[in-house]
Amino acid sequence: NTFSVGVDNTGYDVKFFGTTSGSYMLWDENVDDLILAGASTLSIDTTTDSSSTTTGSFHTDGGVGIAKKLYVGTDLDVNGTTNLDIVDIDGATQIDNTVSVSTNGNGQDVKFFGDTSGSFLLWDQSDDALELTDSSPIKIGDGGDMTVYHDGSDSYVTNATGALKLATETSGIA
């Protein structure tokens, strides 16, 4: 049997109350919305996994607006473009494709921090240059055989394996 309130195109407000003062569920016929007010929550307790936009315990054909924090207790799979204003990732991150920062002609600074306080590598968009702080070396070779760095006063090039050869394009050494 079906319980109906009103008829198609002529509805009524329907309100359900619980034991908590000020908490209720309301079908508001003026705006065709189901409203959970006060401490009321929507709890979907099935554990059906989702693998598409039409599977799982909850799905909608429209957009979803969230005014408060969203907690995801497992993997989050997003297909399509995701516009995130601020991102703070506290764990390991794997990116499986090209990473672009900004667009051509509209660069941004990109900073990589080291384990030592004050030590970092910076792509400085205003200088169009890759910059390292003093005593932050560039290490070249599988074992870091060659090192280039500046300590704030002097510049150093060290080579631990083989000969250090400096050549011009026409010298025949390169």
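For segment 67-111, the set of residues classified as farther than 30 Å from Ala129 by Cα and open to solvent by 100 Å² or more (accessible area, probe 1.4 Å) consists of Ala67, Lys68, Lys69, Leu70, Tyr71, Thr74, Asp75, Leu76, Asp77, Asn79, listed by residue number.
Of all residues in segment 136-148, those satisfying the criterion of being more than 16 Å from Gly114 (Cα to Cα) and either open to solvent by less than 60 Å² (accessible area, probe 1.4 Å) or not in a loop (DSSP other than H, G, I, E, B) (or both) are Ile140, Gly141, Gly144, Asp145, Met146, Thr147, Val148.
Would you check if there is a residue in segment 150-159 being of a type in the set (Ser, Thr, Tyr), outside any loop (DSSP other than H, G, I, E, B) and open to solvent by less than 70 Å² (accessible area, probe 1.4 Å)? Checking segment 150-159: at least one residue is of a type in the set (Ser, Thr, Tyr), outside any loop (DSSP other than H, G, I, E, B) and open to solvent by less than 70 Å² (accessible area, probe 1.4 Å). Do we have Thr133 as among the polar types (S, T, N, Q), more than 30 Å from Tyr156 (Cβ to Cβ) and open to solvent by less than 90 Å² (accessible area, probe 1.4 Å) here? Answer is no for this residue.
Residues that are of a type in the set (Gly, Ala, Ser), open to solvent by 70 Å² or more (accessible area, probe 1.4 Å) and either touching a Pro at 6+ places or on another chain (Cβ under 9 Å) or closer than 30 Å to Asp77 by Cβ (or both) within segment 1-49 comprise just one, Ser43.
The values are calculated or read from the model by the stated rules, or taken from the named source; none is laboratory data. Since this is a predicted model, take the numbers as computed values, not measurements. All Cβ positions, glycine included, derive from the backbone under ideal geometry; neighbour counts span all protein chains shown. Each accessible area value is taken on the protein alone, full model and side chains, heavy atoms only, with ligands, DNA and RNA left out. Shrake-Rupley method; radii C 1.70, N 1.55, O 1.52, S 1.80 Å.
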